[in-house]
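S.K.: The structure follows.
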Amino acid sequence: MRMKLTILAKASLCFASFAFLIFITMPAHGITVSVPGTSDPWLAGMPPGSLSNIGTPEPPDVAPFQSPVFAGSVVSGTLFMWTASGIVGHPGDPAGPDGAPFIFNHSTGAENGISNITVPIDSLLGVFLGASQPDLTPAPGVLDFSSLASRNYLMLFPELKQVFFMGDGLTDTAVAQTIVAPLGATRLFLGTMDGYGWANNIGSFDVTIAAVPEPATMLLLGSGLIGLAGYGRKKFFKK
């Protein structure tokens, strides 16, 4: 009988460890959105009729026709993970979410209160906004993702209205990346990178993004599950 109870206790401990592993590797509340190549991040949160890229060789982009994709409401401090696939670009430079091998800035710089960025063209980008229209306050500083090392971040803390590189959600060694919603964030928008003139871009990205538990929450759950298994083992031996 003691041997059977020992086996049962070990099985309980294995189940607890397995459940904990599932909890830390399966993001909660995931959604999947399609991000067209025409999604201009500098129109995020702007009302219909708003313009971006004025004075460039191509016509200005116009909200909502070239607006970025609303990926959902967020809470400050929330951690997010994502996966992305697909192809966007012009006929001459199609690329996946990590972008083509050409580094670009937004030609008109910070616009509509949203920061500039240095990043591969055609890459998947994100920007967090608060509840207000972004052009009511100055744009934050520029993030530079021109190097592979800068794009290989494990955890990124962008500011409100600061455009950031997302790519396919993995480093070049296939490690999952995480972004943290900044103070005051209530919305997340997804777009693509171009210098100007998003209207003639082609293709789209399929992006699945999800909030993930914070490390303290994961540790608490794991401790609780393992403790429960230990309690069960102790109870069985008493019998």
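The values are calculated or read from the model by the stated rules, or taken from the named source; none is laboratory data. If you're wondering where the values come from, they're calculated on a predicted model, not measured in any experiment. Backbone-built Cβ (ideal geometry, glycine too); neighbour counts: all protein chains shown.
S.K.: Quick check on ASP144: is it charged (D, E, K, R), within 22 Å of ASN116 (Cα to Cα) and touching a His at 6+ places or on another chain (Cβ under 9 Å)? Give the derivation first.
M.R.: On the way: charged (D, E, K, R): yes; within 22 Å of ASN116 (Cα to Cα): yes; touching a His at 6+ places or on another chain (Cβ under 9 Å): no.
Taking the combined requirement at face value, the residue does not satisfy it.
S.K.: Sticking with this one: Can you find even one residue in the stretch 97-111 that is of a type in the set (Phe, Trp, Tyr), under 28 Å from VAL212 (Cα atoms), touching a residue at least 24 places away in the same chain (Cβ under 8 Å) and out of contact with any Cys (no Cβ under 7 Å at 6 or more places or on another chain)? Talk me through it step by step, then tell me what you get.
M.R.: Residues of the stretch 97-111 that are of a type in the set (Phe, Trp, Tyr), as a first pass: 102, 104.
When the remaining residues are screened for being under 28 Å from VAL212 (Cα atoms), the result is none.
There is no residue in the stretch 97-111 that is of a type in the set (Phe, Trp, Tyr), under 28 Å from VAL212 (Cα atoms), touching a residue at least 24 places away in the same chain (Cβ under 8 Å) and out of contact with any Cys (no Cβ under 7 Å at 6 or more places or on another chain).
S.K.: Test of understanding: among VAL75, VAL127, VAL142, which residue is of a type outside the set (D, E, K, R) and crowded, with 18+ Cβ neighbours inside 10 Å? Explain how you work it out, then say what you get.
M.R.: Working: VAL75 fails: crowded, with 18+ Cβ neighbours inside 10 Å; VAL142 fails: crowded, with 18+ Cβ neighbours inside 10 Å.
Only one candidate passes the filter, namely VAL127.
S.K.: Can you name the residue in the stretch 33-72 that is among the β-branched types (Val, Ile, Thr) and more than 18 Å from ALA139 (Cα to Cα) and, of all such residues, is surrounded by the most Cβ atoms within 10 Å (Cβ to Cβ)? So that I can check it myself, show each step before the final result.
M.R.: Of all residues in the stretch 33-72, those among the β-branched types (Val, Ile, Thr) come to 33, 35, 38, 54, 56, 62, 69.
When the remaining residues are screened for being more than 18 Å from ALA139 (Cα to Cα), the result is 33, 35, 38, 56, 62, 69.
On the way: VAL33: 16, VAL35: 26, THR38: 22, THR56: 14, VAL62: 19, VAL69: 20.
Here the residue is VAL35.
S.K.: Name every residue in the stretch 91-100 that is crowded, with 17+ Cβ neighbours inside 10 Å and more than 20 Å from ALA44 (Cα to Cα), in order of residue number. So that I can check it myself, show each step before the final result.
M.R.: Filtering the stretch 91-100 for residues crowded, with 17+ Cβ neighbours inside 10 Å gives 95-100.
Within the stretch 91-100, ALA95, GLY96, ASP98, GLY99, ALA100 qualify.
S.K.: Can I ask one more? Does the stretch 211-218 contain any residue that is within 14 Å of SER123 (Cα to Cα), assigned to a strand (DSSP E or B), of a type outside the set (Val, Ile, Thr) and modelled with pLDDT of 50 or more? I'd like the intermediate steps shown before the answer.
M.R.: Applying the first criterion (within 14 Å of SER123 (Cα to Cα)) to the stretch 211-218 yields none.
Looking through the stretch 211-218, none of the residues is within 14 Å of SER123 (Cα to Cα), assigned to a strand (DSSP E or B), of a type outside the set (Val, Ile, Thr) and modelled with pLDDT of 50 or more.
S.K.: Please find, within the stretch 80-135, the residue that is farthest from SER67 (Cα to Cα) out of those that are over 20 Å from the mean Cα position of the chain (by Cα) and acidic (Asp, Glu).
M.R.: Once the filter is applied, the top-ranked residue is ASP93.
S.K.: Then there is this: Between residues in the stretch 146-175 that are on the phi < 0 side of the Ramachandran plot and residues that are assigned to a helix (DSSP H, G or I) and modelled with pLDDT of 95 or more, which pairs lie under 6 Å by C-beta distance while being six or more apart or on different chains?
M.R.: VAL163/PRO41; PHE165/ARG151
S.K.: Turning to a different aspect of this structure: Tally time: how many residues in the stretch 131-153 are in contact with a strand residue (DSSP E or B) (Cβ under 7 Å, 6 or more places away or on another chain) and either closer than 17 Å to ALA176 by Cβ or not hydrophobic (A, V, I, L, M, F, W, C) (or both)?
M.R.: Narrowing the stretch 131-153 to residues in contact with a strand residue (DSSP E or B) (Cβ under 7 Å, 6 or more places away or on another chain): 134, 139, 142-146, 150-151.
Next, from what is left, pick out any that are either closer than 17 Å to ALA176 by Cβ or not hydrophobic (A, V, I, L, M, F, W, C) (or both): 134, 144, 146, 150-151.
Selection size over the stretch 131-153: 5.
S.K.: Sticking with this one: Quick one: which of ILE117, ILE87, ILE103 is surrounded by fewer than 21 Cβ atoms within 10 Å (Cβ to Cβ), over 22 Å from ILE31 (Cα atoms) and out of contact with any Asp or Glu (no Cβ under 7 Å at 6 or more places or on another chain)? Step through it out loud before you land on a result.
M.R.: Values: ILE117 fails: surrounded by fewer than 21 Cβ atoms within 10 Å (Cβ to Cβ); ILE87 fails: over 22 Å from ILE31 (Cα atoms).
Answer to the selection: ILE103.
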